[in-house]
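Just below is one structure, and these are the notes that go with it.
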Amino acid sequence: MSPTPPRTLIFDLSEVIIAGIVGLEHALAARLGLPPADLLAGFAGAQLDDLCRGRTAEEEYLRFVLARAGWTISPDQLAALLRANFQVKIPGTEPILRALAPHHQLVLLSDHCREWIAYIEQAHPLLALFARRFYSFELGSLKKEPVTFATVLARLDRAAADCLLVDDSATNIAVAARCGLRTIRFTNAADLLRQLRAQGLAVVPE
């Protein structure tokens, strides 16, 4: 017997629907004349968490990244490279979202900063498919913190078992599962489609 489908599907944004920071290393390497390996590590750390919690502005964060890494480009140049990377869509996800949207409540839950989301929402009209959008800079917490899921479930007035999270992060998936949500760890669109159907969802992307 097929499982009862979840009522609400909660999607991550970066690396599931569009590119986030991943992939930026190639354009950054070309600009700096450095190998791309390990460049992404320059963005990680407590400062990125503070940015996504809304505690730090983008320019302050980028200045910190550049100073720590010793990269010889300006904050404006790095901001432009980031925005160019945000233009990239993850192959195959959009048709799945369009097939799901007429029949299921779609929710976006993303760890992101205010400035990046302002750009992304203008660049990607497909985000209008989501009935609700929750961002870490507004919530003040990240998906690796259980309070994030408690807050989102309360605002949606949904039980955890009625919701399914699609996310590429093993950490986020583990936290969501501990909070009682169903989960799918995203690797690619074909695998997502298979796992959604295993959850009892009849998905026929065009």
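The values are calculated or read from the model by the stated rules, or taken from the named source; none is laboratory data. All values derive from a computational prediction rather than experimental measurement. As a convention, Cβ positions derive from the backbone with ideal geometry for all residues, glycine included, and neighbour counts pool all protein chains shown.
Taken over the range 1-52, residues that are more than 30 Å from residue 200 (Cα to Cα) and not hydrophobic (A, V, I, L, M, F, W, C) amount to 13. Answer with yes or no whether residue 102 is surrounded by fewer than 19 Cβ atoms within 10 Å (Cβ to Cβ), assigned by TED's automatic domain parsing to the domain that holds residue 186 and outside any helix (DSSP H, G or I). So residue 102 fits the description; yes. Evaluated against (1) more than 24 Å from residue 168 (Cβ to Cβ); (2) touching a Pro at 6+ places or on another chain (Cβ under 7 Å), residue 26 falls short on exactly one condition, (1).
The residue pairs whose first member lies in the range 90-105 and is among the β-branched types (Val, Ile, Thr), whose second member is in a loop (DSSP other than H, G, I, E, B) and modelled with pLDDT under 95, and whose beta carbons are closer than 7 Å, counting only pairs six or more residues apart or on different chains, are 96/203; 96/205. Here the range 105-140 is the region considered, the condition is being surrounded by fewer than 19 Cβ atoms within 10 Å (Cβ to Cβ) and part of a loop (DSSP other than H, G, I, E, B), and the residue that is nearest to the chain's Cα centre (by Cα) is 124.
Among the residues of the range 61-79, those that are assigned to a helix (DSSP H, G or I) and surrounded by 14 or more Cβ atoms within 10 Å (Cβ to Cβ) comprise 61, 62, 63, 64, 65, 66, 69, 75, 77, 78, 79. Here is the figure for the range 162-188: residues that are hydrophobic (A, V, I, L, M, F, W, C), surrounded by fewer than 18 Cβ atoms within 10 Å (Cβ to Cβ) and touching a residue at least 60 places away in the same chain (Cβ under 8 Å) total 0. For the range 82-99, which residues satisfy the criterion of being assigned to a helix (DSSP H, G or I) and of a type in the set (Val, Ile, Thr)? Correct list: 93, 96.
All conditions in (1) assigned by TED's automatic domain parsing to the domain that holds residue 144; (2) touching a Ser or Thr at 6+ places or on another chain (Cβ under 8 Å); (3) not β-branched (Val, Ile, Thr) hold for residue 125, with the sole exception of (2).
When every residue of the range 6-17 is checked against the conditions, none turns out to be free of Cβ contacts under 8 Å to residues at least 12 places away in the same chain and within 18 Å of the chain's Cα centre (by Cα). Residue by residue through the range 195-206, note down the ones that are exposed (fewer than 13 other Cβ atoms within 10 Å of the Cβ) and either modelled with pLDDT of 95 or more or assigned to a loop (DSSP other than H, G, I, E, B) (or both). Of everything in the range 195-206, those that are exposed (fewer than 13 other Cβ atoms within 10 Å of the Cβ) and either modelled with pLDDT of 95 or more or assigned to a loop (DSSP other than H, G, I, E, B) (or both) turn out to be 200, 202, 204, 206.
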